[in-house]
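Have a look at the structure below before the remarks.
The values are calculated or read from the model by the stated rules, or taken from the named source; none is laboratory data. Bear in mind that the values here come from a model prediction, so they are computed numbers and not experimental data. Neighbour counts are summed over all protein chains in view; Cβ atoms, including those assigned to glycine, are modelled from backbone coordinates with ideal geometry.
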Amino acid sequence: MNLEQINQDVQACGCGNPHHAITIERMVASEQVWEHLAEFVQEKGWKHLLVVADDNTERVGFLPLREAMTRIGIQVNLVSLQPDERGDVLADERSVVQVLLRQEEAVDVLIALGAGTIHDVTRFCAAKTKVPFISVPTAPSVDGFTSKGAPLIIRGKKITYQLVSPVAVFVPSLIVREAPEALIAAGVGDMLGKYTSLLDWRFGEFDGGEPFCPVAVSLTEEALLSCVDALPAIYRREAEGLDQLMESLLLSGVAMLIFGHSHPASGGEHHLSHYWEMDFIANERPAVLHGTKVAVAMMQLVDDYKQTILHWPKTPASLREWAQQMPSKQELETIFTALHAPIKPEDIGVSSLLLASSLREAYRLRNRHTILKHKSLSRTHPIEMKERSL
């Protein structure tokens, strides 16, 4: 990934929207990643590190990280996020407080050692204490590693805060390639969700006048289509395929970073996912991986989304072309079956009643002009898409 070239493309973009420069100083994916990380820490002159992990990521990554730092005289402390009563580690108030209580004044940098939840908590704490953080993803499961967004559960509600991006990203390739099957499938789910999120964003720009950036769209498309091309290798758990999945997730996060919001990577499929998650929390049910919920939600929307766009006579070319290349629900089910992942709402504990209520109400979770919102409102108040010219 050429961050310098992406910054140049952003500077040349004429969309008229505010852009955010990429402030990630280094991005390395390597089988010798701990040496690269130690070199970066030494260059920065940092002496005191606080690693945020959980039991699983501590087991697979903390020892080699600490050994690499100890060799250069760096002090490393660890805070391992504790699970709740159901055994789930959540990005909520309790996790945030747990980190803040261990974050002494001498800490120079936080290190997020893990996947989405750990990054969300670390990002929040880093922003609030004005301390930089380093991203060390241990599984290719979500696309938020390089973005500024931190979705947190506050008093049972999912709220996304736009905060800070990591100062650097170091991917331990050997650990990522050994990630559990469910986390890999979740990463594919988060990536393939871009089919519907990009259609939603184009629809929101056309029908709702929402801000739109062609550079962010191009980056997200590149990330998505590269992941799709790598699917056969991902099925076989080949290093090349899993490395590409992680690359795609990181690039998708960069697209959100430069735009400053999650529009490129989060549409109706994410709104359904967040709605279900909040219901699970309210009813004290076990958590389901974010990308898994996104995949199931996307499969509930994709055929209806396509038909809405393709059958509307005034659909502009950009929407029509993207809708035509989107896979069908059946094709997506084949992909996720090959990944041994859930494909139906009931597979992840979403009842028909919860599904129906989410299709009606989930659009309220974000102020976005999505096809989900259009369809939800038209069920009770028939409306027509606005006639706008691109």
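General observations
- Every residue from the range 1-34 that is exposed (fewer than 15 other Cβ atoms within 10 Å of the Cβ) and farther than 30 Å from Phe212 by Cβ: Ser30, Glu31, Gln32
- You will find that of Ala265, Ala282, the residue that is at pLDDT 90 or above and among the hydrophobic types (A, V, I, L, M, F, W, C) is Ala265 and no other.
- Entry remark, the range 9-49: residues being under 22 Å from Lys148 (Cβ atoms) and of a type in the set (Phe, Trp, Tyr) number 2 in total.
- Residues being assigned to a helix (DSSP H, G or I), touching a helix residue (DSSP H, G or I) at 6+ places or on another chain (Cβ under 8 Å) and without any contact (Cβ under 8 Å) to a residue 24 or more places away in the chain - total across the range 309-328: 3
- Cross-chain or 6+ apart pairs with Cβ under 8 Å, the range 33-50 first and among the aromatic types (Phe, Trp, Tyr), then part of a helix (DSSP H, G or I) and crowded, with 19+ Cβ neighbours inside 10 Å: Trp34/Leu65; Trp34/Ala68
- Taking the criterion of being part of a helix (DSSP H, G or I) and among the acidic types (Asp, Glu), the residues of the range 6-56 that qualify are Asp9, Glu35, Glu39, Glu43, Asp55.
- Subset of the range 36-50 (residues that are over 11 Å from Phe170 (Cα atoms) and surrounded by 19 or more Cβ atoms within 10 Å (Cβ to Cβ)): Val41, Leu49, Leu50
- Subset of the range 145-184 [among the β-branched types (Val, Ile, Thr), part of a strand (DSSP E or B) and buried (at least 22 other Cβ atoms within 10 Å of the Cβ)]: Val169, Val171
- Filter pass, His290 being closer than 22 Å to Leu163 by Cα, in contact with a Leu (Cβ under 9 Å, 6 or more places away or on another chain) and in the same structural domain as Asp347 (by TED's automatic domain parsing): no
- Of the residues making up the range 1-51, those that are among the acidic types (Asp, Glu) and under 22 Å from Thr70 (Cα atoms) number 4.
- Contact map, the range 331-345: residues that are farther than 15 Å from Arg236 by Cα paired with residues that are in a loop (DSSP other than H, G, I, E, B), Cβ distance under 7 Å, separation 6+ or inter-chain. Pairs shown: Glu333/Ile343.
- Which numbered condition Ile343 fails, given (1) at pLDDT 95 or above; (2) part of a loop (DSSP other than H, G, I, E, B); (3) of a type in the set (Val, Ile, Thr); (4) exposed (fewer than 13 other Cβ atoms within 10 Å of the Cβ): (4)
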